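Worksheet: the structure to be examined is printed underneath.
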Amino acid sequence: TSAFDLQVNSVAMSDDLAGYTPDPGWKFLTVNVSMEGTSAEAIETGAYYFCVYWSEAEEDICYAIEDEEIVDFPIYTEIAQGDKVEGNMYFVVPDNAEYIDFYYYDMYDEDMDDYIVTLGSSESIAAA
């Protein structure tokens, strides 16, 4: 985007997250992300701005888990040109999703485009 560069470094599925287990039929999805500011003006960002979709239904969405005891990507921060943040974000997804899209959106800035990265299916992520 004109405000930042985003890179998905790795993705993984698991049955445990800091001692928590998901409901049957669900898994934890870990997405490791690097983000670098590219605009001279600082932008607000953080895990709060990310979610995953796994179908066309509007309710099939999960926002990043925002428990600061677990998440090592900032929940909220500001980055300006040259500032970098990196860490893991966590989501809960079905263990049989045919696709999972990692989605960045800024609900406060209508001029900023949404940013979407297709991560794969539950099966392909679990096999990696």
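The values are calculated or read from the model by the stated rules, or taken from the named source; none is laboratory data. It should be emphasised that the depicted structure is a prediction, and the values quoted were computed from it without experimental measurement. Cβ: placed from backbone, ideal geometry, glycine included. Neighbour counts: every protein chain shown. To get the accessible areas, we keep the full protein, side chains included, count just its heavy atoms, and leave off ligands, DNA and RNA. Shrake-Rupley method; radii C 1.70, N 1.55, O 1.52, S 1.80 Å.
The table that follows gives values for the structure above.
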read-out: Cross-chain or 6+ apart pairs with Cβ under 8 Å, the stretch 31-43 first and within 21 Å of residue 71 (Cβ to Cβ), then basic (Lys, Arg); value: 34/84; 35/84; 36/84; 37/84
read-out: Which listed residue is farther than 23 Å from residue 1 by Cα, without any contact (Cβ under 8 Å) to a residue 60 or more places away in the chain and assigned to a loop (DSSP other than H, G, I, E, B), from 59, 123; value: 59
read-out: Qualifying residue in the stretch 91-104 (condition: polar (S, T, N, Q), surrounded by fewer than 18 Cβ atoms within 10 Å (Cβ to Cβ), modelled with pLDDT of 90 or more and not in a loop (DSSP other than H, G, I, E, B)); value: no
read-out: Candidates 11, 52, 33 - the one that is open to solvent by 30 Å² or more (accessible area, probe 1.4 Å), part of a strand (DSSP E or B) and either in contact with a helix residue (DSSP H, G or I) (Cβ under 6 Å, 6 or more places away or on another chain) or of a type outside the set (S, T, N, Q) (or both); value: 11
